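The values are calculated or read from the model by the stated rules, or taken from the named source; none is laboratory data. Computed from a predicted model, the values in this text were never measured in an experiment. Don't worry about glycine lacking a Cβ; one is built from the backbone with ideal geometry, like all the others, and counts go over all protein chains shown.
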Amino acid sequence: MMPLRVIFLYSLFILVVLNSCKLSRFVYYNTANITDYKIFPSRTANNSNEHFNFLNAKQTKVPKSIQYANQDYPFEDFLKEQNTVAFLVIQRDSLLYEQYWDGYTDSSMIASFSMAKSITSILIGCAIEDKLIESVEEPITRYIPELKANGFDDVKIKHLLQMTSGLDFREGYINPFGEVASFYYGTNLTKAIGKLKLKRKPGEAFEYVSGNTQLLGFVLDRALKDQSITSYLEEKLWKPMGMEYPATWSLDRKNGIEKTFCCINARARDFAKLGRLYLNKGNWNGKQLVPVNWVKESTKAEIKEGSVPYYQYQWWLPSNNGEFIAQGILGQFIYVNPQKDLIIVRLGKKQGKVDWWKVFSSLGQIY
């Protein structure tokens, strides 16, 4: 028989789990998955009736093999073995390569995870252009006054964008009591952000934590007032860009707030269009959807106020050659190489044992 102490602790654990939506979700689903859009409530960003389509290349240019870690691998075998479910290569608006695996197709919805951070940044730029937000120099407590009591008066919107806020936040998804798990599986983000603290002064050092982007989401939500973030996404991007399918944005609860740090769900081609938007400096077929200066500021290396040269305004900057990347856990990527007029989208069930930045750069040398 089990000792009474063990039975008591086990019973207590079960009781806690059953009385916590967050823990229940964590225990049941355990780890993040690209189908997680099915488990959360969401809002829909509708697309327009007119779709933009990439051209089908008359002549594809796909390598038969790829070199990685000083070895040559058959190109498609390499992608498949790394749990890739979608891989697109687009150059000069021509779709040079498009392949799906494991039952996924061009119509399959896939979770973006932290690629959503880059999209949140785009919407912040739009909101500044629309004069809903004054500038990146504004203190976030103008929009989130409840954080004044926690010492956030000196945290600016720019600090959140650059991940230099000094936020005390545990990023690991595997700890059910860590902040990122609470944000991902929890059902009350408003309550969760009220508990946030700082561990250093803003502007001192870079630290990638998802709490920064969720705070950006609250800034945007409060600036929009009666309009939802998803509705703003639909208005500013999804309809004007001729997306092929609607997208969804996962919420913390029914009729709640968007999880801006992680959870836009869409199709591979539509993710690629976001890369095209920034490749063209925010211009979409003659219409400036995002200010040119915002795109420039978002994707240029800077080391002021604690920022680092490889990350800026929620975009990763892998080199000094002007490349930039939207990146999510499990290996979700939108890679843009302006010099080569090249966009690569890789979506996967897992990251795989691969440095995808190196893979994209090597492909950039081929095209």
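Out of the residues in the stretch 308-349 that are in contact with a strand residue (DSSP E or B) (Cβ under 9 Å, 6 or more places away or on another chain), assigned to a loop (DSSP other than H, G, I, E, B) and in contact (Cβ under 8 Å) with a residue 60 or more places away in the chain, which is surrounded by the fewest Cβ atoms within 10 Å (Cβ to Cβ)? Only one residue tops the list, namely ASP341. Checking each residue in the stretch 201-218 for being surrounded by fewer than 23 Cβ atoms within 10 Å (Cβ to Cβ), out of contact with any Leu (no Cβ under 6 Å at 6 or more places or on another chain) and among the β-branched types (Val, Ile, Thr) picks out no residue at all.
Test of understanding: among ILE140, ILE128, ILE122, ILE144, which residue is out of contact with any Lys or Arg (no Cβ under 9 Å at 6 or more places or on another chain) and not polar (S, T, N, Q)?
Exactly one of ILE140, ILE128, ILE122, ILE144 is out of contact with any Lys or Arg (no Cβ under 9 Å at 6 or more places or on another chain) and not polar (S, T, N, Q), namely ILE128.
Going through the stretch 255-307 one residue at a time, which ones are more than 23 Å from GLY217 (Cα to Cα), modelled with pLDDT of 95 or more and either of a type in the set (A, V, I, L, M, F, W, C) or assigned to a helix (DSSP H, G or I) (or both)? Matches in the stretch 255-307: ALA268, ARG269, ARG276, LEU279, TRP284.
Looking across the stretch 40-70, the residues that are assigned to a loop (DSSP other than H, G, I, E, B), under 24 Å from the mean Cα position of the chain (by Cα) and either at pLDDT below 95 or crowded, with 17+ Cβ neighbours inside 10 Å (or both) come down to PHE40, ASN47, PHE52, PHE54.
Picking from residues in the stretch 71-101 that are aromatic (Phe, Trp, Tyr) and outside any strand (DSSP E or B), the one that is nearest to the chain's Cα centre (by Cα) is TRP101. Applying the condition of being in contact with an Asp or Glu (Cβ under 6 Å, 6 or more places away or on another chain) and surrounded by 22 or more Cβ atoms within 10 Å (Cβ to Cβ) to the stretch 231-256 and asking which residue is nearest to ILE39 (Cα to Cα) yields TRP249.
Residues in the stretch 280-301 that are surrounded by fewer than 20 Cβ atoms within 10 Å (Cβ to Cβ) and either under 16 Å from THR120 (Cβ atoms) or in contact with a helix residue (DSSP H, G or I) (Cβ under 8 Å, 6 or more places away or on another chain) (or both): LYS281, ASN283, TRP284, LEU289, PRO291, GLU297. Among all residues of the stretch 126-138, there is at least one that is in the same structural domain as LYS254 (by TED's automatic domain parsing), in contact with a strand residue (DSSP E or B) (Cβ under 8 Å, 6 or more places away or on another chain), assigned to a loop (DSSP other than H, G, I, E, B) and of a type in the set (Asp, Glu).
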